[in-house]
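**Q** My questions will all concern the structure given below.
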Amino acid sequence: MTNLRDSTPPATWRLGDRTVNRVGLGAMRLTGMPWDEKPKSRDAAIAVLRRAIELGVNHIDTASFYFTPTRSANELISTALQPYPEDLVLTTKVGAGRSRDGEFSFARPGQLRGQVEENIRQLGLDHLDVVNLRWGAGMGKEPGSVAEHFGALADLREAGLIRHLGISNVVADQLTEARTIAPVVCVQNRYGLTDREDDALVDLCAEHGVAFVPFFAVTTSIPGAAPGAVPGQAEVARVAAAHDATPAQIRLAWTLHRGEHVLAIPGTGDPDHLEENVAAGGLRLSGEELALLEGIAGGV
């Protein structure tokens, strides 16, 4: 059985020399999604960002390829939050790139500096707090050595453009390889209550003091499962009712109980969802509830 904490988890974790609250904000949905019928309100997105800071969020995950034809996540962050709070940590991703027509590509090592500089320019910074090497052009994990790409980022770290390095969309061997090149402060992979492929990687990160930062942690889908298949709905609903919480909050709370090194970056452009996400960090699940939720994985 997965090691889960039924005691009170700590509220913070360190990314290198920066301390962050364990519930952060993912910026992807601030711009609206490509399939939305109309652009999301710019003023609403700016209001969500400012409210997040008021609620204690000091870790925001973004990327220069988070954009729609009329909105850019980095520009929204810069507009809403400058001058930035001293404790705010902005984490971004390079490696993956996206053209204006939405086509994804993967950068060569020599192109990473341009991507880093683009994020610096868009965010209005002198350097980036944390940069993840986003491995592969698609969402699926891809094999291969990360050494040349991660080494290029390590050089930019030495040059002062980057403060700390992480990796995203990787397997355990790629984390191990990256750690031989430069310190790794975080791993950002898809993971959640019913998306458990990386259980062992979460544990490996804990062994090395590396933050594990799951994306899509509140999704109810399972990779490879039939469309509409949502296991564990009854179990999640039962726990949610006991806490007067939403199922999404319970999924977030379960993720945070997975280990004190696990950080949450739920994305939203809705102020009510933002408040629910932050509140999920205060939910304390009992040992019985954690066992009930853990049992869902056995039926997946």
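The values are calculated or read from the model by the stated rules, or taken from the named source; none is laboratory data. Fair warning: this is a prediction, and the values are worked out from it, not measured in the lab. Glycine also receives a Cβ, built like all others from the backbone with ideal geometry; neighbour counts cover every protein chain displayed.
**Q** Please go through the range 264-277 and give me each residue that is closer than 12 Å to ARG29 by Cα and not in a helix (DSSP H, G or I), ordered by number.
**A** Passing the criteria: ILE265, PRO266, GLY267, THR268, GLY269, ASP270.
**Q** While we're on this one: From the residues in the range 243-263 that are assigned to a loop (DSSP other than H, G, I, E, B) and free of Cβ contacts under 8 Å to residues at least 40 places away in the same chain, which one is farthest from PHE216 (Cα to Cα)?
**A** ASP244
**Q** Are any residues in the range 52-77 farther than 13 Å from GLN122 by Cβ and within 19 Å of the chain's Cα centre (by Cα), and if so, which ones? Step through it out loud before you land on a result.
**A** Looking only at the range 52-77, we keep the residues that are farther than 13 Å from GLN122 by Cβ, and these are 52-61, 68-70.
If the condition is that a residue be farther than 13 Å from GLN122 by Cβ and within 19 Å of the chain's Cα centre (by Cα), then ALA52, ILE53, LEU55, GLY56, VAL57, ASN58, HIS59, ILE60, ASP61 are the ones that fit.
**Q** While we're looking at this one, here's another question. Please work out which residue is surrounded by the most Cβ atoms within 10 Å (Cβ to Cβ), limiting yourself to the range 72-110 and to residues that are within 24 Å of ASP155 (Cα to Cα) and out of contact with any strand residue (DSSP E or B) (no Cβ under 9 Å at 6 or more places or on another chain).
**A** PRO109
**Q** Tally time: how many residues in the range 130-184 are surrounded by fewer than 17 Cβ atoms within 10 Å (Cβ to Cβ), under 19 Å from the mean Cα position of the chain (by Cα) and not in a loop (DSSP other than H, G, I, E, B)?
**A** Residues flagged as surrounded by fewer than 17 Cβ atoms within 10 Å (Cβ to Cβ), under 19 Å from the mean Cα position of the chain (by Cα) and not in a loop (DSSP other than H, G, I, E, B) within the range 130-184 amount to 1.
**Q** Ok, one more. State the number of residues belonging to the range 47-71 that are surrounded by fewer than 20 Cβ atoms within 10 Å (Cβ to Cβ) and either β-branched (Val, Ile, Thr) or touching a residue at least 40 places away in the same chain (Cβ under 8 Å) (or both).
**A** Summing the residues that are surrounded by fewer than 20 Cβ atoms within 10 Å (Cβ to Cβ) and either β-branched (Val, Ile, Thr) or touching a residue at least 40 places away in the same chain (Cβ under 8 Å) (or both) in the range 47-71 gives 8.
**Q** Which numbered condition in (1) at pLDDT below 95; (2) in a loop (DSSP other than H, G, I, E, B); (3) touching a helix residue (DSSP H, G or I) at 6+ places or on another chain (Cβ under 9 Å); (4) of a type outside the set (A, V, I, L, M) is the only one that GLY97 fails?
**A** Answer for GLY97: the failing condition is (2).
**Q** Is there any pair with a first residue in the range 134-152 that is on the phi > 0 side of the Ramachandran plot and a second that is at pLDDT 95 or above whose Cβ atoms are under 6 Å apart and which are 6 or more apart or on different chains, and what are they?
**A** The qualifying pairs are GLY136/ASN169.
**Q** Same structure, new question: Given the criteria small (Gly, Ala, Ser) and either modelled with pLDDT of 95 or more or over 18 Å from GLY166 (Cβ atoms) (or both), does GLY56 qualify?
**A** Working: small (Gly, Ala, Ser): yes; either modelled with pLDDT of 95 or more or over 18 Å from GLY166 (Cβ atoms) (or both): yes.
Yes, satisfied.
**Q** Looking at the range 185-201 only, could you name the residues that are assigned to a loop (DSSP other than H, G, I, E, B) and either touching a helix residue (DSSP H, G or I) at 6+ places or on another chain (Cβ under 8 Å) or closer than 19 Å to ALA137 by Cα (or both)? Give the derivation first.
**A** Keep residues of the range 185-201 that are assigned to a loop (DSSP other than H, G, I, E, B), which gives 185, 189, 191, 193-194, 196-198.
Of everything in the range 185-201, those that are assigned to a loop (DSSP other than H, G, I, E, B) and either touching a helix residue (DSSP H, G or I) at 6+ places or on another chain (Cβ under 8 Å) or closer than 19 Å to ALA137 by Cα (or both) turn out to be ASN189, TYR191, LEU193, THR194, ARG196.
**Q** If you don't mind, there's one more thing I want to ask. Restricting to the range 156-197, name every residue that is in contact (Cβ under 8 Å) with a residue 60 or more places away in the chain and touching a strand residue (DSSP E or B) at 6+ places or on another chain (Cβ under 6 Å).
**A** ARG163, HIS164, GLY166, SER168, VAL185, CYS186, GLN188
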